[in-house]
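A short worksheet on the structure shown next.
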Amino acid sequence: CRIDSLNLLKLAPGGHIGRFVVWTSDAFEKLDKLYGTHETKSELKSNYHMPRPIVANADIDRIINSDEIQKVVREMKTNTRVPRKKNALRNFGVLVKLNPYALAARRAEIKAHRQRAERKAKVQKRRETNTKAERRAFYEKMVA
């Protein structure tokens, strides 16, 4: 891989660093000319300088656990369980909380269902009593 056209996918395929790369001293000098150092700008790129690290001390654990930071940081939450969302279409209690009229609508639906069942039973009973012999006798009576 040439220094002028470095390719991260060729140096570290799949984002895993581990490819064996041999660097020469000329390659390091060319890198300094191409990207510059922390003290000097790049000679080959216009107005490019190396980004400086934001954190001067890389020991983050020590910084976070220091007394100065721990005094300012709020306490860690102990119970962060979020209650499980219930489906209002399957859970009638949740539906009533969302829509109080659902209870009255369900009662009206049950009442209408019972009335239909009663009417259906009456019609069925009437059909059972109306036998073929009775229909024939009625017909004979009407024709005569």
For L34, are the conditions met, namely being closer than 30 Å to D4 by Cα and open to solvent by 100 Å² or more (accessible area, probe 1.4 Å)? no
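A quick yes/no check of all residues on (1) open to solvent by 80 Å² or more (accessible area, probe 1.4 Å); (2) modelled with pLDDT under 90; (3) within 30 Å of I3 (Cβ to Cβ):
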| residue | (1), (2), (3) |
| --- | --- |
| E39 | yes, yes, yes |
| I63 | no, yes, no |
| N79 | yes, yes, no |
| K86 | yes, no, no |
| L89 | yes, no, no |
| Y101 | yes, no, no |
| A104 | no, no, no |
| E109 | yes, no, no |
Considering only region 3-25, state which residues are open to solvent by 70 Å² or more (accessible area, probe 1.4 Å), modelled with pLDDT under 80 and in a helix (DSSP H, G or I). L8, L9, K10
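Results for (1) touching a helix residue (DSSP H, G or I) at 6+ places or on another chain (Cβ under 6 Å); (2) within 30 Å of F28 (Cα to Cα), shown as yes or no for each residue.
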site	(1), (2)
S42	yes, yes
P53	no, yes
N65	no, no
V72	no, no
E75	no, no
R106	no, no
A112	no, no
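The values are calculated or read from the model by the stated rules, or taken from the named source; none is laboratory data. Owing to the predicted nature of the structure, the values given are computational and were not obtained by experimental measurement. Neighbour counts run over all protein chains shown; Cβ positions are idealised from the backbone, glycine included. Heads up: the accessible areas ignore ligands, DNA and RNA and are worked out on the full protein's heavy atoms, side chains in. Shrake-Rupley method; radii C 1.70, N 1.55, O 1.52, S 1.80 Å.
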